[in-house]
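The values are calculated or read from the model by the stated rules, or taken from the named source; none is laboratory data. As the structure is a prediction and not an experimental result, all values here were calculated from the model. Note that each Cβ is placed from the backbone with ideal geometry, even for glycine, and that neighbours are counted across all protein chains shown.
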Amino acid sequence: MPGFGFQILWRPVEEFSVLSNGYWGWDNQDAPGQWRFHSDNSAELRYFQDTSSSFITRAAFSITGDIGGEGGDGVTPFGGQSHPQSMAGQYTCATKKTSDLSRPCDANFISGMIYNRVWFGDKFAWNIGGGYMHNPSRYLILDPTGNASPIPQPESVSNVSYVPASSPYYTSFGSQFDAWDYETGIQYMPVEQVTYDLEFNHRQASVPYFAGHGGVTSPDGYITTATPSGWRPDLSKNDTRVIFALLVRF
């Protein structure tokens, strides 16, 4: 089915730019009557620059806002119904409303984030920021892996059979999902081609989503292990980590 997209970049002066990307199309597998739209918009502003300073030499921030949705075949971008997983099987995403629990389901994506970066000379920088997302029907989130994956995995590329998921992640239309995060990090750039990065990141979701300490593959971590009765993937509502990265431009 066809899809259409565009990108607009406006940079009236060196220190300020606005970027907008848009899409409209029919690309939902096995649902030819559903259409999608998405708009991704961001602005960047360098609000300080003094290359002669012995402390802060530059500072800039970026702000991003996204909005999107799906419509048709039982879903609507806005004004529909959404429910917690405990309501699974008790409502119907109907094309037309016949009752409070039989009507179109919400399927939209709204998010925003803001980040600030400060340079100390040419070799050090500090970032801080965070974001939020709202995605009823969960159509844009990445599904958990392993035994929590709702996507069938009958066989690996090495001809090893996966054990069918006993607790697949709930991704039905009408499901609910909200999440937010914050992050801060420092970068050391000894030369133009190399960056050392140290970050602290915390993510939070309204429902269990992130891989917990108990794992999501199986009790012993192997994909071929049969899932014992009562065992469930350890999904957590939060995830906190310290990240070290080395970036090299060849």
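Some points to look at:
- Of all residues in the stretch 125-145 being more than 13 Å from Asn108 (Cβ to Cβ) and hydroxyl-bearing (Ser, Thr, Tyr), the one that is modelled with the highest pLDDT: Tyr132
- Looking only at residues of the stretch 31-86 that are of a type in the set (D, E, K, R) and under 22 Å from the mean Cα position of the chain (by Cα), we find that the one that is nearest to Ala107 (Cα to Cα) is Glu70.
- Scope the stretch 197-211; condition closer than 19 Å to Arg241 by Cβ and either among the basic types (Lys, Arg) or surrounded by 15 or more Cβ atoms within 10 Å (Cβ to Cβ) (or both); matching residues: Asp197, Glu199, Asn201, Arg203, Gln204, Ala205, Pro208, Tyr209, Phe210, Ala211
- Test result for Tyr170, within 30 Å of Gly74 (Cα to Cα) and in contact (Cβ under 8 Å) with a residue 60 or more places away in the chain: yes
- Within the stretch 15-46, tally of residues that are acidic (Asp, Glu) and part of a strand (DSSP E or B): 2
- Looking across the stretch 146-165, the residues that are crowded, with 16+ Cβ neighbours inside 10 Å, of a type outside the set (A, V, I, L, M, F, W, C) and either in contact with a strand residue (DSSP E or B) (Cβ under 9 Å, 6 or more places away or on another chain) or at pLDDT 75 or above (or both) come down to Gly146, Asn147, Ser149.
- Candidate set from the stretch 195-250 (those that are hydroxyl-bearing (Ser, Thr, Tyr) and free of Cβ contacts under 8 Å to residues at least 24 places away in the same chain); member that is nearest to Ser137 (Cα to Cα): Ser229
- Test: residue in the stretch 150-160 that is touching a residue at least 60 places away in the same chain (Cβ under 8 Å) and part of a loop (DSSP other than H, G, I, E, B): yes
- Single residue of Ser39, Ser17 found to be touching a Gly at 6+ places or on another chain (Cβ under 7 Å) and closer than 30 Å to Ile128 by Cβ: Ser39
- Residue in the stretch 222-235 that is out of contact with any Cys (no Cβ under 6 Å at 6 or more places or on another chain), in a strand (DSSP E or B), among the charged types (D, E, K, R) and surrounded by 15 or more Cβ atoms within 10 Å (Cβ to Cβ) present: no
- Members of the stretch 173-221 found to be in contact with a Pro (Cβ under 6 Å, 6 or more places away or on another chain) and either more than 27 Å from Gly74 (Cα to Cα) or not in a loop (DSSP other than H, G, I, E, B) (or both), listed by number: Val216
- Being loosely packed, with under 14 Cβ neighbours inside 10 Å and over 20 Å from Pro12 (Cα atoms) is a description that applies to Asp30.
- In the stretch 47-98, the qualifying residues are those that are of a type in the set (A, V, I, L, M, F, W, C) and assigned to a strand (DSSP E or B), and the one that is farthest from Asn135 (Cα to Cα) is Phe48.
- Note on the stretch 81-106: among residues that are among the β-branched types (Val, Ile, Thr) and closer than 21 Å to Ala31 by Cα, the one that is surrounded by the fewest Cβ atoms within 10 Å (Cβ to Cβ) is Thr95.
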